[in-house]
Amino acid sequence: MPSLIDMRRRIRSVKNTQQITKAMKMVAASKLRRAQDRVIGTRPFAIQARHVLASISARVDQSHHPLLAKRPGVTSGTTMLIVMTSDRGLCGGFNTNIVKAVGKFLRDNKEREVSLGLVGKKGRAALGRRGFPIRFEYTGLPKVIGFAEAESVAEAAIADFTSAKVDSVHLVYNEFKSVMQQNLIFEQLLPMAPIEVEKKEDGIDYLYEPSPQRIFDELLPRLVEAQVLRALLESSAAEHAARMTAMDAATRNSAEMIEGLTLTMNKVRQAAITREIIEVVSGAQA
Amino acid sequence: MAIPSTLRLEFVTPEREIVHDDVDELQLPGEEGFLGILPGHTPMLVGLKVGAMWYRKGAEKFHGFVGFGFAEVLPDRVTILARIAENADDIDHDRAEAAKRRAEERLAEVARGRVSEMDYERARIALLRAITRLQVSRHARTRS
């Protein structure tokens, strides 16, 4: 039987933990709201950029652009996975799911040469030492993820792709579906999906200040960067959502635990009192 | 085709949407000089450089800052895709000032031959950006 004092201490420590998890949940909830807004904020650019590209696509030669080049090894040759994890833990299955998915991909594609680009400390901890070539590591992301971060990741991917070190580049990240649910996304970043040629229904003839080919060439990498940025932001929103649910569960679990402990503590206390009474009574009888 | 009376301005960066509004007139820093755009402009695709832009809605004029992007101009619609952009009111004057000083120091170091070519280019762009931002924010101040 544990002593009363020990149990009181234990209850106090669980209560402290509960306070921390509760605070973390609140923080995650408020961060989540901001992260969600930022995800939504990236949408207009991607839509508009695609639109502009489509409207000039008829005037340019797409087949030679390096970012669109479908080399024969797209589905079987060398590939790079950009794995997005969080820098911090305590967010439920967030990182485990990603690492598991990558592990499965690596097992299923043993014959392919796979290199990794790791974003986030947790991914580096789990995948950094498995013997796969690491193309780049990016840890310590700032609290507010901006275009600069996406740019450096996208630049690394574009450089490896255009220099033919890899035949394709994929993004692996958690997408924010709802607070309770994060979807694991495995999507192709490079080569890019071809830009659909827009049929000129009204026959608009544009004036171009730089040539259409140049605009096209400069806009394509922007679109890659925008895709990376969206993935980074989705991942951060999903991280906050995962942390929020994990911490919510932890808070509830600790409440349950406190209840159980209080119950046993009271039982122990009562048993002690009963014993004392019996002792006093039997002492008086003697 | 009748000439439309307003322009639908969509001004976006990869991070967020800056402006989404109907405007009467705007000016952009094109690669080959400033462009004034009124409703009914001929369709055009134009590259933008780092510079100040403004748009007018009724009697009110809004200033902004844009860098490295494109604008698609249609008679009734203008879409600006920029890498960096800010509304004049969002520009932090002190931060821009600090950025300008930093960039100038960096350039001075380059002159002494301590930094590489690439850093020079980066510092040059940073300086350009800081100066433009200061100009734009000054506009916003005189207006208000």
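The values are calculated or read from the model by the stated rules, or taken from the named source; none is laboratory data. What you are looking at is a predicted structure, and each value in this text was computed from that prediction instead of being measured. Here Cβ is always computed from backbone atoms with ideal geometry, including for glycine, and neighbour counts include all displayed protein chains.
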(message) Can you go through A:LYS104, A:LYS121 and tell me which one is farther than 16 Å from A:ILE82 by Cβ and either charged (D, E, K, R) or crowded, with 19+ Cβ neighbours inside 10 Å (or both)?
(response) A:LYS104
(request) Check segment A:203-225 and report whether any residue there is among the charged types (D, E, K, R) and farther than 30 Å from A:GLN62 by Cα. (result) no
(message) Kindly evaluate A:PHE132 against the criterion of being under 30 Å from A:GLN62 (Cβ atoms) and surrounded by 15 or more Cβ atoms within 10 Å (Cβ to Cβ).
(response) no
(request) Within segment B:13-34, track down each residue that is within 11 Å of chain A (Cβ to nearest Cβ) and either loosely packed, with under 15 Cβ neighbours inside 10 Å or at pLDDT below 90 (or both). (result) B:THR13, B:PRO14, B:GLU15, B:ARG16, B:GLU17, B:ILE18, B:VAL19, B:HIS20, B:GLY30, B:GLU31, B:GLU32, B:GLY33
(request) Just one of (1) more than 30 Å from A:PRO66 (Cα to Cα); (2) in contact (Cβ under 8 Å) with a residue 24 or more places away in the chain trips up A:VAL280, so point out which. (result) (2)
(request) Please work out which residue is nearest to the other protein chains (Cβ to nearest Cβ), limiting yourself to segment B:67-86 and to residues that are within 19 Å of A:LEU207 (Cα to Cα) and among the acidic types (Asp, Glu). (result) B:GLU72
(message) With the requirement that a residue be in contact with a Ser or Thr (Cβ under 8 Å, 6 or more places away or on another chain) and without any contact (Cβ under 8 Å) to a residue 60 or more places away in the chain, what does segment B:1-44 give you?
(response) B:GLU15, B:ARG16, B:ASP22, B:VAL23, B:ASP24, B:PRO39
(message) I want to confirm something. Restricting to segment A:45-100 and keeping residues that are within 14 Å of chain B (Cβ to nearest Cβ), surrounded by fewer than 16 Cβ atoms within 10 Å (Cβ to Cβ) and touching a residue at least 60 places away in the same chain (Cβ under 8 Å), which single residue is farthest from A:ALA126 (Cα to Cα)?
(response) A:ALA58
(message) Taking the criterion of being within 24 Å of the chain's Cα centre (by Cα), under 18 Å from A:SER235 (Cα atoms) and within 14 Å of another protein chain (Cβ to nearest Cβ), would at least one residue in segment A:188-195 satisfy it?
(response) no
(request) Output yes when any residue across segment A:30-38 is of a type in the set (A, V, I, L, M), exposed (fewer than 14 other Cβ atoms within 10 Å of the Cβ) and in a helix (DSSP H, G or I), and no when none is. (result) no
